[in-house]
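The values are calculated or read from the model by the stated rules, or taken from the named source; none is laboratory data. These figures come from a predicted structure and were not determined experimentally. Neighbour counts are summed over all protein chains in view; Cβ atoms, including those assigned to glycine, are modelled from backbone coordinates with ideal geometry.
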């Protein structure tokens, strides 16, 4: 347990989600262990008496997330309702507690996986818990930051467009924008394909995943990577961390003759359809933030499917030359497994990529992961530039 | 009341009379329904013998049966076990829960013993006992043909020849493709002279807030659609539970040759894909289920679940897929638990050293069901068989219940869960396969006991709540009590949260632990067969499958006792019982 709490405390810092020294992580089997001392521990320890949990993370997010979470919590003082795919599917909403007390936090955590709470030393913290592993707290905190980011930038663009952006929002936006890192740098050179052996393919997958995380193109471990080698599709496992894919890749026969890939990514069906229906060998999926923000920015205010964009968008939309399609996670009746492959394989789609509404970007290539990572970076940087252009133009799409 | 009917049907088979019990709403809120309520009503009779006429056979629904809540088709059957000293409890699928609820009953409490075989027929609020003598000796398939021909919408639960012949792991067949399989509940039912239950309900469950229930349903369906295990291209929805077969093989934890090995070389030819190629199955499922994990071939025959497929191949060294399917069918037709049947057969084969053909497997299973020759010994379960033959350590069981198809050396949380489960060697009590193998909600280190004591305790509480609502445990590979609390509140109007349901689940589970203690079970019974601590599994492919470290296991078990609120002997305490609002007598 100690190994895990230290691992995820360090990972929160490495991911840029928290400043060094900030994360408090606890794990409980029959005895409670923490990663470090802190005056707020006694109040958090009461949560373990009030809730049937085995782990907890408490941390104030680093900038720009701190500004974003603060603003959203002021604006929505009881609950924040982001509309991105992750929140809709897994978190549902983000409760906000009025005070840093075990009772107030427990009230929210009885129903949800995380709570946003005022921190005794200023600012706001995210407290998230799990019943299996401290990894859950890490994932939920990361998801709150991602969802908050997408909602904050989406709301600001929309409200600017409508002339509704208030002074405090503009101030918060300018502050948060000031903390944005530089645009994503050029992609490093990755292993050259085509890969001819399992070892090469696995190494290339792990390398692509690690760089996707390092470049900030995905939050926590969401996203997936695959490579077709002969009659096998090698794909990252569900819930695997893209920067730790060694030993977490499933070989899945193209003829479905084995179910050993049952633990493969939830997007296995979509990946399979793409490699079966095209020359693509490499597929990389990430959650670049501005790409997700722009995928949700549609100017058709009177669209009859408004509110159902994520599953029933009737238009043929594109962002920065890449098609945008609706679709839920997975292979269900409204799943992206039905919408993504045709969009990527469409004859007029020269990008070899597609964006799933409110979710992320899938990029493909015939040889290796170099072009897929370049595509992801180009699209994200283009979306970021486009976002600020739309904002400068009064928010027009 | 919304969610519950407020009525429990009392059936006295001694007198041939029925009555109605109308518990307070507070009792429902305290135990939820299903497994919780069944345990509440078993507790006062928990120390009676399994065949004592006063020992009740309990069939219970929960508030979510008969509603639009996802996977609402389960029911609980509970009583004393003839096979084990522990409480016998089975969550069963099919239509039983829905029909009983729609007939206006939250549950049945059946006591007494009929002098001759009878069937209990319930049509809405009307219940009657019917002579069932003419069904003696018929297979369950024939019984289903005969009794449901004129009432195809009715749910039918019946025992088969195995129960008539005293097989200690006899099952109750439900709606042809489902069963209350484990712990020998079929024999308990037969001991009452009760041959079958036929139930037809035309009512409906009143829902407090239909709009809220619709929202909860959408949340749960979205999560299950996102789950590769449930709805993915290789998932349960496409291949049924045999989808797990390749995974257990690749993880080197497939029980082989009575758990002497953890890898079966022929597995790749006997997997879910092979079943599809050979039998072209159709999907089937419980009432109201969208996952539909059952598989039925073109002739309407049930194909094996993962557990029975694994035990009728790897565990007994059989590489004949047709024989495995036939063995499974034979268990269904004669009314026997396929897990215990396969594991008891494997125990015999290890002791005798016999290598069996497909025909011999079927012969031995048929003899078991009919109590003939060696089959009469097999029908007593592996523990009694192994003791009788002088090799007690070759019974791969816990508390006398044979182990399922997950080798504990390949997943340490599973090792602990199998040891401490209240009904014996049961994988479903905590189902740590979810995180140790399937990576949900997150992956844990399967070769470590670190943190597993509390994980197992919380999962046991969760699954006790799930069995009480009820819902299908498979859904919890994707959704959680967070989403189901919303469905529960929407149906009943009771304010609730995931944590409230966990507390109710803890109460349900602890009540079972108290019943086991009343029957003399202690920490010594929470243990695994010695083989797992002495012999390595089959390592290879970068995976090392070592024997379990005894000290680490005992340490984890001690921690479990502390987390669960048990004393150093594994016995419940008055303090914890009081905290949970459970009756306690020193």
Which condition from (1) under 21 Å from the mean Cα position of the chain (by Cα); (2) farther than 12 Å from residue B:474 by Cα; (3) part of a loop (DSSP other than H, G, I, E, B) is the one that residue B:248 breaks?
(3)
Would it be correct to say that residue A:107 is more than 28 Å from residue A:180 (Cβ to Cβ) and within 14 Å of chain B (Cβ to nearest Cβ)?
yes
Please go through the range B:558-578 and give me each residue that is surrounded by 15 or more Cβ atoms within 10 Å (Cβ to Cβ), part of a helix (DSSP H, G or I) and away from every other protein chain (no Cβ under 11 Å), ordered by number.
B:576, B:577
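In the list B:204, B:217, which residue meets the criterion of being more than 30 Å from residue B:382 (Cα to Cα), within 14 Å of chain A (Cβ to nearest Cβ) and surrounded by fewer than 24 Cβ atoms within 10 Å (Cβ to Cβ)?
Values: B:204 fails: within 14 Å of chain A (Cβ to nearest Cβ).
Within the list B:204, B:217, the selection yields B:217.
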Residue B:365 surrounded by 24 or more Cβ atoms within 10 Å (Cβ to Cβ), free of Cβ contacts under 8 Å to residues at least 40 places away in the same chain and farther than 21 Å from residue B:265 by Cα:
yes
Which residue out of A:266, A:257 is assigned to a loop (DSSP other than H, G, I, E, B), under 23 Å from the mean Cα position of the chain (by Cα), over 22 Å from residue A:387 (Cα atoms) and within 14 Å of chain B (Cβ to nearest Cβ)?
A:266
Looking for something within 12 Å of chain A (Cβ to nearest Cβ) and part of a loop (DSSP other than H, G, I, E, B) - is there at least one such residue anywhere in the range B:520-531?
no
Tally, over the range A:231-248, of residues that are buried (at least 24 other Cβ atoms within 10 Å of the Cβ) and outside any loop (DSSP other than H, G, I, E, B):
3
Whichever residue in the range A:322-352 is in a loop (DSSP other than H, G, I, E, B), at the interface with another protein chain (Cβ under 10 Å from one of its Cβ atoms) and out of contact with any strand residue (DSSP E or B) (no Cβ under 8 Å at 6 or more places or on another chain) and, among such residues, is surrounded by the most Cβ atoms within 10 Å (Cβ to Cβ):
A:330
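To keep it simple, each residue is scored yes or no on (1) at pLDDT below 95; (2) in contact with a helix residue (DSSP H, G or I) (Cβ under 9 Å, 6 or more places away or on another chain); (3) assigned to a loop (DSSP other than H, G, I, E, B).
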| site | (1), (2), (3) |
| --- | --- |
| B:363 | no, yes, no |
| B:414 | no, yes, no |
| B:419 | no, yes, no |
| B:422 | no, yes, yes |
| B:439 | yes, yes, yes |
| B:447 | no, yes, yes |
One residue is enough: does the range B:488-511 have a residue meeting the conditions away from chain A (no Cβ under 14 Å) and within 23 Å of the chain's Cα centre (by Cα)?
yes
Is one or more of the residues making up the range A:272-294 within 10 Å of chain B (Cβ to nearest Cβ), in contact with a helix residue (DSSP H, G or I) (Cβ under 7 Å, 6 or more places away or on another chain) and under 24 Å from residue B:230 (Cα atoms)?
yes
Conditions (1) under 25 Å from residue A:181 (Cβ atoms); (2) surrounded by 16 or more Cβ atoms within 10 Å (Cβ to Cβ); (3) more than 10 Å from chain B (Cβ to nearest Cβ); (4) in contact with a helix residue (DSSP H, G or I) (Cβ under 8 Å, 6 or more places away or on another chain): number failed by residue A:91:
(3)
With respect to residue A:158, is the statement that it is within 12 Å of chain B (Cβ to nearest Cβ), surrounded by fewer than 21 Cβ atoms within 10 Å (Cβ to Cβ) and more than 30 Å from residue A:30 (Cβ to Cβ) true?
no
Exclusive hit being modelled with pLDDT of 95 or more, surrounded by fewer than 24 Cβ atoms within 10 Å (Cβ to Cβ) and outside any loop (DSSP other than H, G, I, E, B), set B:147, B:185, B:138
B:147
Out of A:391, A:361, A:300, sole residue that is in a strand (DSSP E or B) and away from chain B (no Cβ under 14 Å):
A:361
Restricting the search to the range B:158-182, which residues are buried (at least 24 other Cβ atoms within 10 Å of the Cβ), within 15 Å of the chain's Cα centre (by Cα) and either modelled with pLDDT under 95 or not in a helix (DSSP H, G or I) (or both)?
B:169, B:170, B:171, B:172, B:173, B:174, B:178, B:179, B:180, B:181
Name the residues in the range B:532-557 that are within 27 Å of the chain's Cα centre (by Cα) and either within 23 Å of residue A:32 (Cα to Cα) or part of a loop (DSSP other than H, G, I, E, B) (or both), would you?
B:537, B:548, B:553, B:554, B:556, B:557
Restricting attention to the range B:160-171, does a residue exist that is without any contact (Cβ under 8 Å) to a residue 40 or more places away in the chain and in contact with a helix residue (DSSP H, G or I) (Cβ under 9 Å, 6 or more places away or on another chain)?
yes
Scan the range A:61-78 and tell me whether some residue there is buried (at least 21 other Cβ atoms within 10 Å of the Cβ) and within 14 Å of chain B (Cβ to nearest Cβ).
no
Residue pairs meeting the criteria (Cβ under 7 Å; at least 6 apart or on separate chains; first surrounded by fewer than 16 Cβ atoms within 10 Å (Cβ to Cβ), in the range B:289-301; second assigned to a loop (DSSP other than H, G, I, E, B)):
B:292/B:285; B:298/B:280
When you go through (1) more than 30 Å from residue A:358 (Cα to Cα); (2) within 14 Å of another protein chain (Cβ to nearest Cβ); (3) buried (at least 21 other Cβ atoms within 10 Å of the Cβ) one by one for residue A:2, which number turns out not to apply?
(3)
Determine which single condition residue B:547 fails, assuming it passes every other condition in (1) in contact with a strand residue (DSSP E or B) (Cβ under 8 Å, 6 or more places away or on another chain); (2) loosely packed, with under 15 Cβ neighbours inside 10 Å.
(1)
Over the range A:271-288, the set of residues outside any loop (DSSP other than H, G, I, E, B) and either surrounded by 24 or more Cβ atoms within 10 Å (Cβ to Cβ) or without any contact (Cβ under 8 Å) to a residue 12 or more places away in the chain (or both) is A:271, A:272, A:274, A:282, A:283, A:284, A:285, A:286
Whichever residue in the range B:220-243 is part of a helix (DSSP H, G or I) and within 7 Å of chain A (Cβ to nearest Cβ) and, among such residues, is surrounded by the most Cβ atoms within 10 Å (Cβ to Cβ)
B:228
Please give the strands (runs of 3 or more DSSP E) falling wholly within the range B:1-86 in which 1 or more residues are under 22 Å from the mean Cα position of the chain (by Cα) and assigned by TED's automatic domain parsing to the domain that holds residue B:171.
B:57-60, B:75-80
